Amino acid sequence: MNRRKLLSLLGMSPALLAGAELGAQQPKAAKSGKVPSAGNAQFEALNPKGSPPPVRLIPMAPRLNTIHGKTIYLVDTGFMSGGVLLQQMQIWFNKNYPDVTVVFRKKAGSYMEDDPPLWKEIKEKGNAAIMAIGH
Amino acid sequence: MATKSFADLAKSNASKRGMPHIRACFTPHPVWGKTAEQLMAYVEGDDPVSGKPLMKEIIDGLTVPLTAEDTKTGMMDVNVGPPVFGPDTLDNLQTHFLNNGMTDFLPVIIPTPEKVDAMLKGTSHHPDEVIGKMAAGAFAAWTYTVKQVAVNAVMAGCEPEYFPVVLAVASSGMAALGSSTTSFAYSMVINGPIRDKLNMNYTIGAMGPFAQPNATIGRAWTLVGKNLGNGGIPGDTYMGSQGNNTNYNNIVIAENEKDSPWTPFHVQKGFRPEENVVSLFSGEDIRQGHGARRAGVLENPMFDDQISDIFRTLTSQFDALVICDPLTVRRLVEQGYDTKEKLMEWLWKNTQRTAKDYRDSAFVYTFHYPRALRGEEPYATWYKCPEGTLIPYWPKPDNIVLVVAGGQTNPFFQVGNLTYRVSVSIDKWM
Amino acid sequence: MGIPAAPIVTIAFKDLAQTNCAKRGMPLQRISYTPHPVWGKTDEQMYAYLDGNDPVHNIPLMKEIVDSLTRPLTADESKTGTVTPPVGAPSFTDTADNLQQYFLDNGMTDTMPIIIPTQEKVDAMLKGTSHKPDEVVGKMTPAQGAFPAWSFTVQQCAVNAVMAGATPDYFPTILAIASTGISALFSSTNSLVSAAVINGPIRDKLAMNYGIGAMGPFNQPNATIGRAWTLMSRNLDGGGICGETYMGSQGNVINYSNLIIPENEKDSPWPPFHVQKGFKPEENVISFFFGFCITQGQGGKGLGVKPVPLYNVAMSANCSPFASLFGALFLLDPLVANGLGDLGFKTKDSVVDWLQKNTTVVVKDVKSMLFSGLPRGPEAAGLTDDSVIPKWQKSDAFNLVVVGGQTNPYHQLANMSYRVSVSIDKWI
Amino acid sequence: MGMNRRKLLSLIGMSPAILAGATAEAQSKAKNKNGRSGSAAEVKLTALNPRGIPPPITLIPMAPRLATLDGKTVYLVSDGFPGADHFLDQIANWFKKNMPNVTTVYRLKAGGFADDDPKLNAEIKEKGQAVIMAIGH
């Protein structure tokens, strides 16, 4: 993932990303050919954007070498029917990875709220977590 | 694991929170409303975004060793482009602002240094003063200065005299283009002498495109939400499935204080009558009162009953902002409601539904049920009482806001399914 | 009629009465005024109006009325012939800033910044259509019967299109709108609103937005086509003058850009709207709606926590805020349209039939409404207070359009009726 | 009641500035609040008028007045807006009390607010000498 793609994900369009001077990538002259005298008077315009805070990078947790014999938590964040999807996944694990222990939990609070007790439990008793988000 | 519709949002959100390489995977959309069999097919099927089998992708995500990129730490700046664009022609600048998502896709006044300086004369505050933080939905909040707000006020078409109102709104940090899959609406009520000083319209056509202060102050709020809060990027920081037409200019209501026998809204909120105040609301929409069961009755129209009738069509996830034409208020006063509080009390008591209907509403399950589980009142009681119990629509009368606006060509009213959030002094920003 | 008449008008309609008389040839009509309103006043209060003064002229009302019927006419009052109200010079010359101010001060805008309509820009816009600049496109009036209709040319539409920020390839759609003569600023004491649904390949040719945020400020064609409609409704027929040619007591925020709705045809399970109206799929068509307001469709019950949401039940329940004067225009996210299919509603007609039969009212609830929609004549026979009847008698009160980006199975619902569909191709 | 051309035409919904047909320059010189007058800002553009073409208006001369109302028949006509009938009843009472020998006849105009009623007009022309019409809300 190069810098441009990453930053365009942060909602910045490429032209802005490059920070290129507007003049440098001049769009072609007005289509009507003859550029009217008044039309080519030049102005400067200020950037209307606010100031985003720097982003603190969070390193990802080290991976498991295998899931065999491990305990995986399936976490439902409370979206409609999210729990039903994870229950199907539980069935899938039981069929395809019988030696993987699957624990189903529903996160407390509405979908944006944190649930420290649950994280603590997963950290202590689980090796990995799969979380279902969305509608 | 999210659903396909959230692919862009999930990746960009993870990046903004510091984990750009998170191994997210996706199921088809939606999950809501699908049967167990259909959801099993999701599990056994492919991730529609990557095209790979979902479960294989999940297991790989948990087991494939990390790369150097995955474990990087430290800070990363976000680039918003140069402080100044140009020099270039007006047409090219207009196109540049349009093509880089800095507008509402309508023409703007090009914010030249001269115009921004002229706008800054509308306030005593220093251009570099940081006045607020704004986040579109659950994203990192951006900060902004008086000058950055001024740029957006110029673009919207504001006059320098309007600038204190725009600053007051921006200082609230309340984004006009919040991000949710619901397409929210936003409203502001303006009280105090500034309404007449700026020649705001609170009579015929009050909420329509007929007065520069109403139109451009409302529009500035949207541009502030886009440029200072990084909101309004469809699929990323704006997820409203269908969009809301009121987001162009928002619902700007200057209260018609001179034709109203009731206390102005800001005085209800503890401000003195001569103070200039802007009060902000957010919610769903605004509807007209014509659907009420006695709408248009000639003799004794009973507007209290009509307003209550429209309330039952709202979602109680948001409160009610009732905008009465002075003629409607005159009839209500003749019915005995000489204060807003009396009508708020009657409306609160007489707009009821069964606990069963309450628990049946989708929004309530998602937002009130968790609070009921924690024992928060009145939700805990509303979830425990017998199904047939009649309960009020909202916790208390204060959830009903009454405001007066209109030109008295007919006794009408409109009802916004909108919740009062905050009031901000405009004088502070003069 | 040849007989002296003394009109009495309530003071709220002062400007409207004067300008209306002037526009109809009797600018010096002797109008008397009473306080406003008369509706709902007791007989004593009304008699007090008569004994009191005309609030505009401050002379006893009845004396004024008698006087206006008897005082001899002046020369001006008996003049004949015709007079054409001027609309100002064909062009204005000044700096960009002063022109922006001039257009604003003279009521030619929606009070927001415009693109200054220079000859160069208007010529560029005119290249968007094969029609000649001076071809008359149609007639428009702020309210049928109340105001004389003005006519307007392709060029005059082009000036307003430039001002709105539209580009030349949006111009055929804007001309199609103007050709219908439908004003977006319809004048009534109600604050009414308009919508336009766009179908056909032009939606993608213009890169219109029918996905996430479709009806919000996120797309140039959606925004500027809608805004051009409001600007034309001000300038091409002298509309939008509060108190004269716009009487909406509270105004409506939808009038800024109107509801421009490109249908999401590719994600819809049904034939597109214009095909329903007899057009071929590849034709570019714009269909018009008109009514009171639009709601987010969240109020009604039925969207409850049951595993499979009952979209049809929710859609029907969400009609509760509406009077039956206008119909119900459903704007369904594709998820809802496809969700209805899961519930067994395979065609639009099956949904509309179910809605028409199941969206009901109790007679006693609506009979006192001004717009009760109660059937008259034979169907009304045998109805009692407790009879449950359809809110709308005919199924053409219901219209379904698919639009949205599928982030959630929501629908929006406008209390609006269908008016007409016109071809956009005709204006390319 | 003499009325000059400006007042007359401003009644037809044209603001005075347009009436005079003056160029923008004269109109908005005072209003140029937008910053310094650098060369670029002073460059002149010409903008086209966005208005449509209003139809010509045929002036209708007002009907000759009566010398007096005494002994005359005055029709009181309502256009159907709510309360108009009650209001016109009070006018009838006023005449009964103050000008007893004026005969008043109440009629409700047929159709909606804006519809004509030729039948009523014919009746008034035949049997009446004057009309008082109530319009509004």
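Structural remarks
- Dipole-positive endmost among C:Q101, B:N276, C:I424 within the protein assembly as shown (Cβ charges, Cα centre): C:I424
- Of all the options B:Y337, B:Y42, B:Y238, the one that moves most in a Gaussian network model of chain B with Cα springs shorter than 10 angstrom is B:Y42.
- Whole-angstrom gap from the stretch B:251-280 to the stretch B:108-126, using each part's C-alpha centre: 28 Å
- Label point at B:K4 placed 7 Å out along Cα→Cβ; residues across the stretch A:95-135 whose backbone nitrogen lies under 20 Å: A:132-135
- The mean count of C-beta atoms from other chains within 10 Å of the C-beta of residues in C:408-414, rounded to a whole number, is 6.
- Restricting attention to the protein assembly as shown, close to 60% of DSSP beta bridges with both partner residues there are antiparallel.
- Surface share of carbon and sulfur [accessible, 1.4 angstrom probe, percent] for the protein assembly as shown: 56 percent
- Average partner coverage of A:123-129, which counts Cβ from other chains inside 10 Å: 1
- Loop-resident sites, the stretch B:340-430, for trypsin sites (Lys or Arg not before Pro), counting at most 14 other Cβ within 10 Å (DSSP): B:R374
- Dipole in debye (nearest 20) - the stretch C:96-427, about Cα centre, beta carbon charges: Lys, Arg +1; Asp, Glu -1: 580 debye
- Charge dipole of chain B about the Cα centre (unit charges at C-beta), most positive-ward option of B:C385, B:T103, B:A320: B:C385
- Per-residue [θ]222 nm for the protein assembly as shown (sum of -39500 (n - 2.57) over DSSP H runs n ≥ 4, rounded to 500): -8500 deg cm²/dmol
- Accessible surface calculations at 1.4 Å, restricted to protein heavy atoms, place the protein assembly as shown at 36 Å² per residue.
- Taken one residue at a time, the phi angles of the stretch C:150-163 give Karplus couplings (6.51, -1.76, 1.60, θ = phi - 60°) of 8, 9, 7, 9, 4, 5, 5, 5, 4, 4, 5, 5, 4, 4 Hz. Gly and Pro are set to x.
- The residue among A:M112, B:V154, C:A164 whose Cα reaches farthest toward the positive pole of the charge dipole of the protein assembly as shown, with charges on the beta-carbon of Lys, Arg, Asp and Glu, is A:M112.
- Charge dipole magnitude, Cβ of K and R +1, D and E -1 - the protein assembly as shown, Cα centre, debye nearest 20: 740 debye
- Among the helices of chain B, those built from whole DSSP H runs whose Cα atoms reach 20 Å or more along their own axis and whose mean Kyte-Doolittle hydropathy is at least -0.5 are B:212-227.
- Shape category assigned to the stretch C:8-78 from the gyration tensor of Cα positions, a/c cut at 1.5: oblate
- Zone residues, the stretch D:53-94, relative to C:K79, backbone N less than 15 Å from point 7 Å out along Cα-to-Cβ: D:57-62
- Pairwise label distance in nanometres, B:V84 with C:A89, each label 7 Å out on the Cα-Cβ vector: 3.5 nm
- Under a model in which nothing but the beta-carbon of Lys, Arg (+1) and Asp, Glu (-1) is charged, the stretch C:8-78 shows a dipole of about 240 debye around its Cα centre.
- Using the empirical formula 2.2 N^0.38 Å as the baseline, the Cα radius of gyration of the stretch C:96-427 reaches a ratio of 1.04.
- Fully extended contour minus Cα-Cα distance, from B:V64 to B:T381, at 0.36 nm per residue: 109.2 nm
- Shown is the FRET efficiency for B:D398 and A:K125, computed with R0 = 45 Å from the Cβ-Cβ distance and rounded to the nearest 0.05: 0.50.
- In the elastic network of chain C, a GNM with C-alpha springs shorter than 10 Å, the most mobile of C:I241, C:I212, C:I65 is C:I65.
- Computed from the C-beta positions of C:K280 and C:Q45 and an R0 of 51 Å, the FRET efficiency is 0.25 to the nearest 0.05.
- In the stretch B:274-364, the GluC sites (Glu not before Pro) that fall in loop regions by DSSP, at most 14 other Cβ within 10 Å: B:E274, B:E299
- Each part gets one Cα centre, and for the stretch C:60-94 versus the stretch C:354-387 those centres are 48 Å apart.
- Relative contact order computed over the stretch C:96-427 (Cα-Cα under 8 Å; 6+ residues apart), in percent: 20 percent
- Stretching B:K197 away from B:R421 to a fully extended chain increases their span by 78.1 nm, per 0.36 nm per residue minus the current alpha-carbon distance.
- Largest mean-square fluctuation among B:D309, B:D259, B:D196, in a Gaussian network model of chain B whose springs join Cα atoms under 10 Å apart, belongs to B:D196.
- The mean count of C-beta atoms from other chains within 10 Å of the C-beta of residues in C:147-155, rounded to a whole number, is 3.
- When the trypsin sites (Lys or Arg not before Pro) in the stretch B:29-123 are filtered for DSSP coil states and for at most 14 other beta-carbon atoms within 10 Å of their beta-carbon, the remaining sites are B:K121.
- Taken along the Cα-to-beta-carbon direction at a fixed 7 Å, the label points for B:K121 and B:E334 span 5.0 nm.
- Rounded to the nearest 0.05, the FRET efficiency derived from the C-beta distance between D:T73 and C:R71 at R0 = 25 Å is 0.80.
The values are calculated or read from the model by the stated rules, or taken from the named source; none is laboratory data. What you see is a predicted model; the values in this text were computed from it and never measured. So basically every Cβ, Gly included, is an ideal-geometry build from the backbone, and we count neighbours across all protein chains shown. Areas reflect the complete protein model, heavy atoms only, side chains present, ligands, DNA and RNA absent. Shrake-Rupley method; radii C 1.70, N 1.55, O 1.52, S 1.80 Å.
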